[in-house]
Every structure is written in structure tokens, then in C-alpha cells.
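Colleague: Take this structure, written in C-alpha cells, and hold onto it; I'll ask about it next.
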């Protein structure tokens, strides 16, 4: 499992973790949603779950549940500032198409189904 955080994303996650010392790391995955099928979920990991893949980058652990792993493997997570807005953005090599608003994506496997 390969999930990469850019320096900006790594710094933002560290800020969240510093504010929540009980958290184990970052939880990253997907859920069914949006006009394209899958939406990203990013939150602090409060526990390790059965089937989680756990990787570590510069001291930050990244937890990915088993069902999300095939859809997010190879993703790079960035944290960008756009005017007054701040958000995580995702470069996912598994995404075959994304909706216009950028909130959801489809994989080749979804297209074949």
C-alpha cells in the first residue's frame, strides 16, 4: 500500500495530530457517494481496525481500510490553500474519471461493472 503525503499535507496532518494526542494517525479511505461513485474520507484514526493497511511517512501513520485499499493505492495527498479556503486534494492513479466538482471519482472496475 502506497499513500504519499506532500510536505504541505504532512504538516497539516501533524497539526491535527498535535491537537488530538489520542489519535493514532491519519485514516484515509473512500465511501460510496457523489455523482461519480466514490468520495474520499480523511479523518484522524482513533483505533486500528481489522484489515487495515498501515504505512508510515516521516512519523505519521496512515491507516487504510481493506475495502478502500484497491481504490486508493498510489494516491498522493496534498493540502492546498485557495484564497480563504484550505483543503486536501488527491492525485489518485486509480481514478479513471472524476466529477466536475472534484468531490468523487470512478475507477476502471466501476466502468466495467
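The values are calculated or read from the model by the stated rules, or taken from the named source; none is laboratory data. What you see is a predicted model; the values in this text were computed from it and never measured. All Cβ positions, glycine included, derive from the backbone under ideal geometry; neighbour counts span all protein chains shown.
Colleague: Checking residue 48 against (1) at pLDDT 90 or above; (2) in a strand (DSSP E or B); (3) surrounded by 13 or more Cβ atoms within 10 Å (Cβ to Cβ): exactly one of these is not met. Which one?
Modeller: So residue 48 meets the others, but not (2).
Colleague: Right, here's the next one. For residues that are in a strand (DSSP E or B) and touching a strand residue (DSSP E or B) at 6+ places or on another chain (Cβ under 7 Å), scanning just the range 64-85, find the one that is farthest from residue 30 (Cα to Cα).
Modeller: Once the filter is applied, the top-ranked residue is 80.
Colleague: Scan the range 6-23 for residues that are without any contact (Cβ under 8 Å) to a residue 12 or more places away in the chain and closer than 19 Å to residue 74 by Cβ and jot them down.
Modeller: 7
Colleague: Please count how many residues of the range 13-41 are under 19 Å from residue 94 (Cβ atoms), touching a helix residue (DSSP H, G or I) at 6+ places or on another chain (Cβ under 9 Å) and assigned to a strand (DSSP E or B).
Modeller: Residues in the range 13-41 being under 19 Å from residue 94 (Cβ atoms), touching a helix residue (DSSP H, G or I) at 6+ places or on another chain (Cβ under 9 Å) and assigned to a strand (DSSP E or B): 7 in total.
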